[in-house]
Amino acid sequence: MKMVQLDKAKHDRHRFDCGIDALNNYFKIMASQQAKKDNTRTFVLEDINCTEHVIGYYTLAMAPIDLASLPAKLQKKHHNASSGGLIARLAVDQRYKGNGYGEWLLIDALRKLLMASKTVAFPVVIVDAKDGAEYFYEKYGFTAFQDAENKLFITIADVRASIGL
Ligand SMILES: CC(C)(COP(=O)(O)OP(=O)(O)OC[C@H]1O[C@@H](n2cnc3c(N)ncnc32)[C@H](O)[C@@H]1OP(=O)(O)O)[C@@H](O)C(=O)NCCC(=O)NCCS
């Protein structure tokens, strides 16, 4: 499977449809602009049968950690930390759903963030889950923040333990 940075000259952004307008529109309109401004990075999984077709994408950035929303033990451990890695968006086109691509994208995103954390340390990975997708993330070890059900985190230590780079 081929994961590459979104290339607006190549990838057919307007074909992409994950069923959620906000995620479709971000991909069509914002993702490339935001990457150009160095605000976020968007990676796409190409369909090997037609590499302009996008199976799914995720967008990575950094985000502030709301320490007060972490469990007490982690608050204490990370009280000097300010930022976490952020999976800002992750979606699979409806034509490809249910084939393990969501899992594959999530693991790839975590692997990239784990690599980045070796250079610029951060203690947690945060996700913004849309439309009931928190259950998808919980399945892979994420925990909801105490004050925000749609926002979840996993420690980079747990990512390292499960992916092990
Ligand atoms: C959530 C999403 C990324 C899953 O992609 P997918 O390719 O269909 O998922 P996979 O085939 O890799 O499924 C992996 C596992 O997660 C489960 N799963 C899939 N979608 C789920 C959801 N919304 N809630 C809970 N579990 C889910 C699957 O049942 C599967 O579990 P199993 O192996 O025990 O059967 C996809 O449905 C999607 O893009 N949804 C719309 C956008 C969205 O909600 N994005 C996430 C947050 S921004």
* Structure fact -> Residue-normalised value, i.e. accessible area per residue, for region 18-163 at 1.4 Å probe, in Å², stands at 52 Å²
* To do: Specify the angular offset, from 0 to 90 degrees and rounded to the nearest 10, of the alpha carbon long axis of helix 101-117 from the longest principal axis of the alpha carbons in the chain.
  => 50 degrees
* **Amide H partners (placed H, <5 Å) of Ile65, local residues excluded** => Ser83, Gly84
* Asked: Based on Cβ point charges of +1 for Lys and Arg and -1 for Asp and Glu, what charge dipole magnitude is obtained for the chain about its Cα centre, in debye rounded to the nearest 20?
  -> 520 debye
* By how many nm would the segment from Gln94 to Ala68 lengthen if fully extended, with 0.36 nm per residue of separation less the alpha-carbon distance? -> 5.7 nm
* Structure fact -> Two pseudo-spin positions, 7 Å from Cα along C-beta at Ala121 and at Asp7, lie apart in nanometres by 3.7 nm
* To do: Note the full-extension length gain between Thr51 and Asp38 as 0.36 nm times their separation in residues minus their Cα-Cα distance, in nm to one decimal.
  => 2.2 nm
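Sorting check: for 35-44, 1-10, which peptide has the highest mean count of neighbouring beta carbons within 10 Å, and how do the rest follow?
Most protected by this proxy first, the peptides run 35-44, 1-10.
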* Portion, in percent, of the accessible area of region 2-163 that falls on carbon or sulfur, probe 1.4 Å -> 50 percent
* Structure fact -> Within region 1-36, DSSP-loop chymotrypsin sites (Phe, Trp or Tyr not before Pro) with at most 10 other C-beta atoms within 10 Å are none
* Asked: Within straight cross-link reach of Lys118, meaning Cα distance under 19 Å, which aspartates and glutamates are found once same-chain residues fewer than 8 apart are removed?
  -> Asp108, Asp158
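The values are calculated or read from the model by the stated rules, or taken from the named source; none is laboratory data. The structure displayed is predicted, hence computed values, not measured ones. Positions of Cβ are generated from backbone atoms using ideal geometry, with glycine treated the same way; all protein chains shown enter the neighbour counts. Note: areas computed on protein heavy atoms with side chains; ligands, DNA, RNA excluded. Shrake-Rupley method; radii C 1.70, N 1.55, O 1.52, S 1.80 Å.
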